[in-house]
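What follows is a single structure, written as structure tokens, with notes after it.
The values are calculated or read from the model by the stated rules, or taken from the named source; none is laboratory data. It should be emphasised that the depicted structure is a prediction, and the values quoted were computed from it without experimental measurement. Note: ideal-geometry Cβ built from the backbone for every residue, glycine included; neighbour counts use all protein chains shown. Heavy atoms of the whole protein, side chains included, go into the accessibility calculation; ligands, DNA and RNA do not. Shrake-Rupley method; radii C 1.70, N 1.55, O 1.52, S 1.80 Å.
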Amino acid sequence: MSLGTTKSIASLQAEASTDDGTGLRRVLTATNLTMLGVGAIIGAGIFVLTGTAAANNAGPAIPLSFIFAGLGCLFAGVCYAEFASMIPIAGSAYTYAYATLGEFIAWIIGWDLILEYLFGAATVAVGWSGHVIDFLGGMGIHLSPAFTEAPLIYNAVTHHIDRVPGGIINLPAVLLVAAMSTLLVIGIKESARFNNVIVILKVAIVLLVIGFGAMYVNPANWHPFIPANTGAFGHYGWSGVVRGAGVVFFAYIGFDAVSTAAQEAKNPKRDMPLGILGSLVICTILYIIVSGLLTRLVPYSELNVPDPVVVGIRTTGQQWATFLVELGAVAGLATVMLVMLLGQSRVFYSMSRDGLLWPWASKIHPRFRTPYISSIVVGFFVAVLAMLVPLSVLDEMTSVGTLLAFMLVSIGVWVMRRTHPDMPRPFKTPMVPLVPILSILFSGALIVFLSPATQIRLVVWLIIGLVIYFTYGRKHSKVQAMQSGAAKQ
């Protein structure tokens, strides 16, 4: 059995065009897909990670971090758009890699996507919990720290994980995971409707932050714009700007999650590129504006909190504006969680359908036509991470998983242009191989600039994945079995 065995494009396209009434429902329009992307992108990046990356890495220069990250995403985004229009199958980068780079690389990227969405959803859950606690506190409702704080915290000075006195479980985070997982089990159409309503609300509130907050900025907070490096790599200075880009890269993974819903799109060849690139452009512009505004409202050193935008608007002294932002953050982060859990369950579904993961992961509910067992299992593990693991560990793990996926998809586009040059491409990545190469270089550079601890955790995660592949996945691979049977004949 060959590690480089690929899944034929013809078989993937046949799967995409088949609907026997038992698989995933094709109900999503271009608007739904764009809204899913915006729903995933506008959330933790604005409401949580903007403050963290400004306080710990880039200072007031955090807009530059978002610009660098956005450029890398743009190069990767057009590569995703080409694949999504050619191969409209659930599974995103995993499926694309299976068609171009072979089963072994597909397994690595699939396992990597599990890391991305698992830790991404947990990051959002922790950020949402922080906003809910602050929101309730503003109304005079104070919850016990025993049920609102994870028992562990990451010490950035010693690089150790310490025990939080009194912390037992982050209960609000667990409740959000349970609610969003239930919605995904019920149906993709219902999930998309919920997402659309919340996206409209949170975009309106982001525009309010921009328009209202601009009247209260303090230009002195931008001096110096790029704080001097403290002597530690990635802690301010230009190295901090680039390290900050690696951290906030997590904020852009929404368009990646859109591609996991390709098998549920009505007209994927046209609508997938629109959903992926449209949501990316809209959100990049908003990110750059809001991050710059935030560090002019509040000194960057005060933004290392779970709710930095709320802290920024609170400085205006206008309680009504603070209330609206808190409400928008609470509602908006819920949709990010929804799309992260959607992406995770669809990757599970695709890998299981190919025989690389256990059969239960691709089981479809007879009534709702969703991979319900996957949604439940994913929800359980996300809840465990959210209630135990520190936010600073979760967000960097999500970023490194995303960056690796971007690199492999970009390589796949380049390979496909050489191996299948005449295949119809409803959307074509411009300037190949230049754009894929730029995507690879951007993503690879950002991985290098992440902390060594994060890089080590990625290696450990991949080793665990390889053990599962060689003990289970390779032996049960449907593509390997089919090719082995054909060879014997």
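Rounded to whole Å and ordered largest first, report the semi-axes of the equivalent ellipsoid of the range 262-398 derived from its Cα gyration tensor (root of 5λ). Each step should come with its number before you reach the end.
Numbers: eigenvalues 255, 78, 39 Å².
Equivalent-ellipsoid dimensions as semi-axes: 36, 20, 14 Å.
Return a whole-number percent for the relative contact order of the range 354-461, with Cα pairs under 8 Å and 6 or more residues apart as the contact set.
On the way: 58 pairs, mean separation 29.3, N = 108.
Value for the range 354-461: 27 percent.
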Gap separating the Cα centres of the range 169-231 and the range 277-296, nearest whole Å: 12 Å
Debye log10 I(q)/I(0) at q = 0.06 Å⁻¹ for the chain, Cα point scatterers: -0.25
Pairwise FRET efficiency - Val197 versus Asn218, Cβ, R0 = 41 Å, nearest 0.05: 0.70
Over the range 265-324 - Rg/Rh using Cα atoms and the Kirkwood inverse-distance radius: 1.21
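Quote the Stokes-Einstein diffusion coefficient, in whole µm² s⁻¹, for the range 181-227, based on the Kirkwood radius over alpha carbon pairs, a temperature of 10 °C and a viscosity of 1.306 mPa s.
Numbers: Rh = 13.8 Å.
Value of D from the Cα-based Kirkwood radius: 115 µm²/s.
Hey, what's the per residue convex hull volume over the C-alpha atoms of the range 343-477, in cubic angstrom? Don't jump to the answer; show the numbers that get you there.
Working: hull volume 21.4 nm³, N = 135.
Output value, Cα hull per residue: 159 Å³.
Take every Cα pair under 8 Å in the range 22-147 that's 6+ residues apart, average their separations, divide by the length, and report that relative contact order as a whole percent.
Dividing the mean separation by the residue count of the range 22-147 yields 17 percent.
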Folded to 0 to 90 degrees: helix 188-213 orientation relative to the chain principal axis, Cα: 30 degrees
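Once you have the Kirkwood Rh of the range 25-130 from its Cα pairs, apply Stokes-Einstein at 4 °C and 1.567 mPa s and quote D in µm²/s.
Details: Rh = 16.0 Å.
Result for D is 81 µm²/s.
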Values of log10 I(q)/I(0), in the order q = 0.10, 0.12, 0.21 Å⁻¹, for the range 159-281 under a Debye, Cα-only, solvent-free model: -0.62, -0.87, -1.23
Cβ-placed point charges (K, R +1; D, E -1), dipole of the range 303-453 about Cα centre in debye, nearest 20: 660 debye
In Å², nearest 10: area of Ile437 left accessible to a 1.4 Å probe: 60 Å²
Within the accessible area of the chain (1.4 Å probe), percent carbon and sulfur: 70 percent
Separation of alpha-carbon centers, the range 83-134 and the range 404-470, rounded to whole Å: 13 Å
Proximal lysines relative to Lys428, as straight alpha-carbon distance under 19 Å, when same-chain residues fewer than 8 apart are discounted: Lys269
Per residue solvent-accessible surface (Å²) - the chain, probe of 1.4 Å: 37 Å²
Cβ crowding within 10 Å averaged over residues, with 140-146, 111-117, 213-219 ranked highest first: 111-117, 213-219, 140-146
When each of Lys7/Lys266; Lys189/Lys266; Lys7/Lys475 is checked by Cα-Cα distance, pairs over 19 Å: Lys7/Lys266
